[in-house]
1. Mean residue ellipticity at 222 nm from the helices of the chain, using -39,500 (n - 2.57) per DSSP H segment of n ≥ 4 over the full residue count, to the nearest 500 deg cm²/dmol?
2. Ignoring ligands, DNA and RNA, what accessible area per residue does segment 123-251 give at 1.4 Å, in Å²?
3. For the chain, which cysteines have no disulfide-compatible partner, meaning no other cysteine Cβ under 4.7 Å?
4. Quantify, in whole percent, the carbon and sulfur part of the accessible surface of segment 5-116 (1.4 Å probe; protein heavy atoms only).
5. Figure the gain on full extension for T5 and A155 (residue separation times 0.36 nm, minus the Cα-Cα span) and round it to one decimal in nm.
6. If the only charges are +1 at each Lys and Arg Cβ and -1 at each Asp and Glu Cβ, what is the size of the charge dipole of the chain around the Cα centre, to the nearest 20 debye?
7. What are the radius of gyration and Dmax of segment 5-116, computed over its Cα atoms and given in Å?
8. Consider just the alpha-carbon atoms of segment 1-63 and return their Rg together with their Dmax, both in angstrom.
Amino acid sequence: MEHYTMNLNLKVWKQKDKNAKGSFKMYRVENISSEMSFLEMFDVLNEQLIKAGEDPIAFDHDCREGICGMCSMYINGKPHGPWQANTTCQLHMRAFQNEDTIVVEPWRANAFPVIKDLMVDRSAFDRIIQAGGYISVNTGNAVDGNAILVDKDNADNSFAAAMCIGCGACVAACKNSSAMLFVSAKISHLALLPQGDPERHHRVINMIAQMDKEGFGSCTNTGACEAACPKEISLTNIARLNNEYLKASLVAEK
C-alpha cells in the first residue's frame, strides 16, 4: 500500500455548549500521513491549536480500537465517515486525498444535545439500558459455558446483536432520529437467550417507554440505520423487537 502525505482543509463545527449558537470554522493541517487514523489527525490539529494559544477541538474518544463507540461524528455528511462497517477511530486518512476539504460535525438529534464542539450527550442510551437492558440475577461465580444449552442459531443471532457498541450512528443516520436499531439490538441479544426469558415482557415494554420518553423519533424502516452501523446490526432485530413488544402487550399485567 502506497504511503503518502497530504494537506487538508477542515471545516469543523465549533459550539461552546448546548445553549450556545454553533458555527463552522476552517482549519488547515499539513503533512498528514495517509496511515494516520482520523483521530490522530485531530490530535495533530489540536497540538497546533494549543501551541497557538487557541481552544482545542473537543471530541469523544476512548479505546481507539473500534470497540467503545465513543468516537462519534459526521464526516462529510456520513456517520463515522466514508468507509462501511467502520468507526471514526478506525478510519484512516488514506480515505482522503491531498487538498480535500473535510466537513466534520456532531450527531444531530434532539436526544443527543451537544456538550461542546463534536461531543454530544448520549446518556439517553444509558437510561434506556437502565430501564430494562439487563438480567437481574446474582451470577455468582462463572458457570461452565455448556451448563445451559442454547440453540446454535439463537446463540449466533444473540452474539450478532450484542456487537452493538451504542455509538448512536443509527440515530444520526435516521431522518427521524429513531433509536430503534439500538434498542432492538439490546432487546434481541437477551430475548434470544434462556437467561433473558423471565423478564422479556417487562424489558421490552420498559425500554420502549424510556426510548419514547427520551425524545427519539419513530422508525419508518428506511434502513439508513443498518447502512450506517459500524457493527452491521441487522434490521431483523427491529422486526424481533416489534414481535416481542406485541406479545408483551398482550400478556402485560393490567
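The values are calculated or read from the model by the stated rules, or taken from the named source; none is laboratory data. Only a predicted model underlies this, so the values are computations on that prediction, with no experimental measurement involved. So basically every Cβ, Gly included, is an ideal-geometry build from the backbone, and we count neighbours across all protein chains shown. Note: areas computed on protein heavy atoms with side chains; ligands, DNA, RNA excluded. Shrake-Rupley method; radii C 1.70, N 1.55, O 1.52, S 1.80 Å.
1. After summing the helix terms and dividing by residue count, I get -10500 deg cm²/dmol.
2. Averaged over the residues of segment 123-251, the accessible area is 52 Å².
3. Among the cysteines of the chain, those whose Cβ sits 4.7 Å or more from every other are C164, C167, C174, C219, C229.
4. In segment 5-116, the share of accessible area belonging to carbon and sulfur is 46 percent.
5. Between T5 and A155, full extension yields an extra 49.5 nm.
6. 880 debye
7. Cα only, segment 5-116: 13.5, 38 Å (Rg, Dmax).
8. In order Rg, Dmax, the Cα atoms of segment 1-63 give 13.3, 45 Å.
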